[in-house]
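Engineer: This is the structure, below, for whatever I ask next.
The values are calculated or read from the model by the stated rules, or taken from the named source; none is laboratory data. Since the model is a prediction, treat every value here as computed from it, not as a measurement. Note that each Cβ is placed from the backbone with ideal geometry, even for glycine, and that neighbours are counted across all protein chains shown.
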2 protein chains.
Amino acid sequence: MRTYLECIPCFFKQALEAARLAGANQRMQKRVLDEVAKTLPVFSFTSSPVEMGGIIHRLIKKITGKDDPFKKIKKRSNQLALLFYPELKKKVSNANDKLLMALELAITGNIIDYGVNNSLNLDRELKRIIEKENSKRRNKAIFNYSEFKSVLKKTRTIVYLADNAGETVFDRILIEEIKEIDKNKKIIYTVKEKPVINDALIKDAYECGIDKIADVISCGLDTPGTILSLCSKEFLKIYKEADMVISKGQGNFEAFSDRKKQVFFLFIAKCPVVARDVGCNVGDINLLYIGGNRYGRK
Amino acid sequence: MRTYLECIPCFFKQALEAARLAGANQRMQKRVLDEVAKTLPVFSFTSSPVEMGGIIHRLIKKITGKDDPFKKIKKRSNQLALLFYPELKKKVSNANDKLLMALELAITGNIIDYGVNNSLNLDRELKRIIEKENSKRRNKAIFNYSEFKSVLKKTRTIVYLADNAGETVFDRILIEEIKEIDKNKKIIYTVKEKPVINDALIKDAYECGIDKIADVISCGLDTPGTILSLCSKEFLKIYKEADMVISKGQGNFEAFSDRKKQVFFLFIAKCPVVARDVGCNVGDINLLYIGGNRYGRK
């Protein structure tokens, strides 16, 4: 997705919120905003908003002098989500359609986000997710479940693009369900190389037990979304083996594009610009299929 | 009021919305935002946000090549508000406390604003204002009505700082009520010198019939709030005669300060930063008294 003019106020809002969460003092916060302002006139609007996200979070790290400003938040998210793991498993095992339930939970787990909405009461929100009938938040128009099942059936190797720490536990639920259906499917769980906001790193995947059921690798990036053209050679080598991509989160929806693969975007639309681009409402849980050239989507 | 870091995302939001309302094309909108970005690192945060408002709206005028981009909006607001005039008069004449009702209406008229919230359905909003019991929106803590009555009694000359076009009709209701109490009170109705957003100009005051009951003058500015130190000599000469100031709108609350006079701020808090500064909720109607050095407020 390209960057829209409406993204600009949001860049500053996110930069300020993230700088504060990262413990920046007033002077540092102002410096972050000034540097974002200086970047704006030279930033290409054909780029994804995620590239500006990368710039913002590199600035925050540089200016606060903290290599991983969201370390504690990520740890807390992992721990909290793990507490919910047994309940999530029960919800899947009690469901009529286990795969559908696991999918819905994996998408709603995308609520764990400090990039767009930091004021979240995570514990309360997770309880709400688990209690609530997810199907009510499901976007009817953009919930390509039958396509998902059909592509999954024919797929041997899946690249799973992770989003946030903590959300990883919800990803584990889905991956375990996929393995339940066919234990021979190979799943490559892909995280970020370096810290950016609360995005999952290899450490987080291990903490949440993903390594027991999938290969965990890094895409080589420190942007809050997977920009394929910028990924490491090591990742791209492994990536090309896969025929199906499960892409988690709004950041990956904004950043990721590959017309040659069967791609499913699992995300909650968190801002009006993305919601407009997708054709849904803010807060909807989406399962969007972009299969090969079928939709010709960029 | 000084500028806070939270104002920064809002500067860009307002610049974009105003540029669009002013009919700027995409390229012009981007140019406005880039110029705001270039100004940011050199903008002094001890200044009022209104000074940045002035910069933004000068940019929009320059880049769109339109001297008065909100001309039509202002004309429409005046016409619409004038249609409500008889109903507003009736509401005052039926009230137990006519001055209080006129005051409440003058403050709620401050809802006519395109600077902070452009998506307003004005007609619907005005109906709601007139039908609704204003007292419910009144901020109990910040509604210094007894002080208003007492200062008004002792005052001969009032400077009335206007805010938006259309709102002028609501101001007329209050001024007429003040004149009803004492026809000898002199009221100097002060508007902006040059167009800035939908702020009232001399033309708007005349269109709304203010000239029949008050002297109409300009403060010499083109900022969306009256920064006393920047006002014209002509205005300041007249201004000094007054002992009471009635200041309308959030812009004037942000910009205006004079410890030597009896100042009453009549405004709806439209943003969380101002609400926090005042100690009220967004949407509250406030009548805030800053009398001489009494509160030592800046």
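Engineer: With the requirement that a residue be assigned to a strand (DSSP E or B) and more than 16 Å from the chain's Cα centre (by Cα), what does the range A:225-246 give you? Can you show your working first?
Structural biologist: Pass one, the range A:225-246, residues assigned to a strand (DSSP E or B): A:244-246.
Once the filter is applied, which keeps residues that are assigned to a strand (DSSP E or B) and more than 16 Å from the chain's Cα centre (by Cα), the range A:225-246 yields only A:Met244.
Engineer: Inside the range A:271-288, can you point out the residues that are assigned to a loop (DSSP other than H, G, I, E, B) and closer than 17 Å to B:Lys13 by Cβ? Before the answer, list the steps.
Structural biologist: Taking the range A:271-288 first, the residues assigned to a loop (DSSP other than H, G, I, E, B) are A:271, A:279-284.
Once the filter is applied, which keeps residues that are assigned to a loop (DSSP other than H, G, I, E, B) and closer than 17 Å to B:Lys13 by Cβ, the range A:271-288 yields A:Cys271, A:Val282.
Engineer: What's the total number of residues in the range B:1-24 that are within 11 Å of chain A (Cβ to nearest Cβ) and outside any helix (DSSP H, G or I)?
Structural biologist: Residues in the range B:1-24 being within 11 Å of chain A (Cβ to nearest Cβ) and outside any helix (DSSP H, G or I): 5 in total.
Engineer: Need the failing condition index for A:Leu33 against (1) within 14 Å of chain B (Cβ to nearest Cβ); (2) surrounded by fewer than 18 Cβ atoms within 10 Å (Cβ to Cβ), just the number.
Structural biologist: A:Leu33 satisfies all of (1) within 14 Å of chain B (Cβ to nearest Cβ); (2) surrounded by fewer than 18 Cβ atoms within 10 Å (Cβ to Cβ) except (2).
Engineer: Within the group B:Leu82, B:Leu88, which residue is of a type in the set (A, V, I, L, M), more than 14 Å from every other protein chain (Cβ to nearest Cβ) and touching a Leu at 6+ places or on another chain (Cβ under 8 Å)? Reasoning before the result, please.
Structural biologist: Details: B:Leu82 fails: touching a Leu at 6+ places or on another chain (Cβ under 8 Å).
None of the other options fit; the residue is B:Leu88.
Engineer: Now for a separate question. If B:Ser44 satisfies all but one of (1) surrounded by fewer than 16 Cβ atoms within 10 Å (Cβ to Cβ); (2) over 20 Å from B:Phe256 (Cα atoms); (3) among the hydroxyl-bearing types (Ser, Thr, Tyr), what's the number of the condition it fails?
Structural biologist: (2)
Engineer: Hey, another quick one. Hey, which of the strands (runs of 3 or more DSSP E) in the range A:133-224, taking only ones fully inside, have at least 2 residues that are modelled with pLDDT under 95?
Structural biologist: On the way: elements: A:138-143, A:157-161, A:186-191, A:215-218.
Correct list: A:138-143.
Engineer: Which numbered condition trips up B:Ala24, out of (1) in contact (Cβ under 8 Å) with a residue 60 or more places away in the chain; (2) aliphatic (A, V, I, L, M); (3) not assigned by TED's automatic domain parsing to the domain that holds B:Lys192?
Structural biologist: Failing condition for B:Ala24: (1).
Engineer: Can you confirm whether the range A:94-108 contains a residue that is outside the structural domain of A:Asn198 (by TED's automatic domain parsing), charged (D, E, K, R) and outside any loop (DSSP other than H, G, I, E, B)? Quick ask: steps written out before the conclusion?
Structural biologist: Looking only at the range A:94-108, we keep the residues that are outside the structural domain of A:Asn198 (by TED's automatic domain parsing), and these are none.
No, the range A:94-108 contains no residue that is outside the structural domain of A:Asn198 (by TED's automatic domain parsing), charged (D, E, K, R) and outside any loop (DSSP other than H, G, I, E, B).
Engineer: Of all residues in the range B:36-71 being among the basic types (Lys, Arg) and either within 14 Å of another protein chain (Cβ to nearest Cβ) or not in a helix (DSSP H, G or I) (or both), which is nearest to B:Glu193 (Cα to Cα)?
Structural biologist: Just the residues of the range B:36-71 that are among the basic types (Lys, Arg), to begin with: B:38, B:58, B:61-62, B:66, B:71.
Keeping just the survivors that are either within 14 Å of another protein chain (Cβ to nearest Cβ) or not in a helix (DSSP H, G or I) (or both) gives B:38, B:66.
Working: B:Lys38: 27, B:Lys66: 16 Å.
It comes out as B:Lys66.
Engineer: Then there's this: When you look at B:Val191, is it under 26 Å from B:Lys71 (Cα atoms), within 21 Å of the chain's Cα centre (by Cα) and either without any contact (Cβ under 8 Å) to a residue 60 or more places away in the chain or not assigned by TED's automatic domain parsing to the domain that holds B:Leu83 (or both), yes or no?
Structural biologist: On the way: under 26 Å from B:Lys71 (Cα atoms): yes; within 21 Å of the chain's Cα centre (by Cα): yes; either without any contact (Cβ under 8 Å) to a residue 60 or more places away in the chain or not assigned by TED's automatic domain parsing to the domain that holds B:Leu83 (or both): yes.
Here the answer is yes, as B:Val191 does meet what is asked.
Residue-wise test of (1) of a type in the set (Ser, Thr, Tyr); (2) without any contact (Cβ under 8 Å) to a residue 24 or more places away in the chain; (3) farther than 30 Å from A:Pro272 by Cα.
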residue: A:Ala162; (1), (2), (3): no, no, no
residue: A:Val169; (1), (2), (3): no, no, no
residue: A:Glu176; (1), (2), (3): no, no, yes
residue: A:Lys179; (1), (2), (3): no, no, yes
residue: A:Cys219; (1), (2), (3): no, no, no
residue: A:Ser229; (1), (2), (3): yes, yes, no
residue: A:Lys240; (1), (2), (3): no, yes, yes
residue: A:Met244; (1), (2), (3): no, no, no
residue: A:Lys248; (1), (2), (3): no, no, no
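Engineer: If you don't mind, another one. Going by the structure shown, is B:Lys127 at pLDDT 90 or above, of a type outside the set (Phe, Trp, Tyr) and part of a helix (DSSP H, G or I)? Please lay out each step first, then the result.
Structural biologist: Numbers: at pLDDT 90 or above: no; of a type outside the set (Phe, Trp, Tyr): yes; part of a helix (DSSP H, G or I): yes.
No: the conditions fail for B:Lys127.
Engineer: Answer yes or no as to whether B:Val282 is over 22 Å from B:Thr46 (Cβ atoms), surrounded by fewer than 19 Cβ atoms within 10 Å (Cβ to Cβ) and either out of contact with any strand residue (DSSP E or B) (no Cβ under 7 Å at 6 or more places or on another chain) or at pLDDT 90 or above (or both).
Structural biologist: On the way: over 22 Å from B:Thr46 (Cβ atoms): yes; surrounded by fewer than 19 Cβ atoms within 10 Å (Cβ to Cβ): yes; either out of contact with any strand residue (DSSP E or B) (no Cβ under 7 Å at 6 or more places or on another chain) or at pLDDT 90 or above (or both): yes.
Criteria met by B:Val282.
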